[in-house]
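The values are calculated or read from the model by the stated rules, or taken from the named source; none is laboratory data. Just so we're clear, the structure is a prediction, and the values are computed from it rather than from any experiment. Quick reminder, even Gly has a Cβ in these numbers, built from the backbone with ideal geometry, and neighbours come from all protein chains shown. Side chains included, ligands, DNA and RNA excluded: accessible areas come from the protein's heavy atoms. Shrake-Rupley method; radii C 1.70, N 1.55, O 1.52, S 1.80 Å.
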Amino acid sequence: PGPAAPGPAGTARPAPGPPGRRRVRPMPETELDPVIHAPARLRVVATLATLPTGDELSFPKLQKLLDMTAGNLSTHLRKLEDAGYVTVTKTHEGRTPATYLSLTARGRVAFEDYTTALDALLKGVRP
């Protein structure tokens, strides 16, 4: 078979293939939230999303769970906090500073939207 012939309005039409061959479906136009999409931030949000609404996780506990350096985790938390997805609460336990983290309502919705968009994207490439 030759090259694809132009279809309506200048779109390409796939050339016929051998019988039983699957045609590739177009990818859906799905936006993935760039704030969440970075692998480290996705891990942070996914971990915080497992907590019941209103619960917090200490910074050292999250750092240990994700096996991240304090500086790297702080950088990603700042971006999530700037987007309104995470609340960072700094307090003291006695004389020791303590930092607690939680996912905001906006962060939960953003994570749900992200997982829905990712699922739609993945379903779009499955035969």
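Any idea of LEU77's accessible area? Nearest 10 Å², probe 1.4 Å.
10
What are the semi-axes of the equivalent ellipsoid for region 26-127, taken as the square roots of 5 times the Cα gyration tensor eigenvalues, largest first, in whole Å? Intermediate values should be presented prior to the final figure.
Working: eigenvalues 176, 33, 24 Å².
Over the Cα atoms of region 26-127, the semi-axes work out to 30, 13, 11 Å.
Inverting the mean 1/r over all pairs of different Cα atoms, compute the Kirkwood radius of region 32-81 and quote it in Å.
Computed over Cα pairs of region 32-81, the Kirkwood hydrodynamic radius comes out at 11.1 Å.
GLU31 to ARG78: FRET efficiency via 1/(1 + (r/R0)^6), r the Cβ-Cβ distance, R0 22 Å, to the nearest 0.05? Don't skip to the end; give the middle numbers.
Values: r = 23 Å, r/R0 = 1.04.
After rounding to 0.05, the efficiency reads 0.45.
Quick one: plug the Kirkwood hydrodynamic radius of region 50-108 (C-alpha pairs) into Stokes-Einstein at 4 °C, 1.567 mPa s, and report D in µm²/s.
Values: Rh = 11.9 Å.
For these conditions, the coefficient is 109 µm²/s.
Measure off 7 Å from each Cα along the Cα-to-Cβ vector at ALA98 and THR50, then give the distance between these two points in nanometres to one decimal.
2.1
Label-point separation (nm) for LEU66 and ALA38, each offset 7 Å from Cα along Cα-to-Cβ?
Placing both labels 7 Å along Cα→Cβ, they lie 1.0 nm apart.
For LYS90, list the lysines whose Cα falls under 18 Å from its own Cα; do not include residues on the same chain fewer than 8 positions away.
Within the straight-line limit of under 18 Å, LYS90 reaches these lysines: LYS61, LYS79.
Give me the one-decimal nm value for the distance between modelled label points at LYS123 and THR89, 7 Å along each residue's Cα-to-Cβ direction.
In this crude label model, LYS123 to THR89 measures out at 3.7 nm.
Can you tell me the accessible area per residue over region 65-127, all protein chains present, probe 1.4 angstrom, in square angstrom?
Computed with neighbouring chains in place, this is 62 Å² per residue.
For LEU66, what accessible area in Å² do you get when you roll a 1.4 Å probe over the heavy atoms of the protein chains, rounding to the nearest 10?
The value for LEU66 is about 10 Å².
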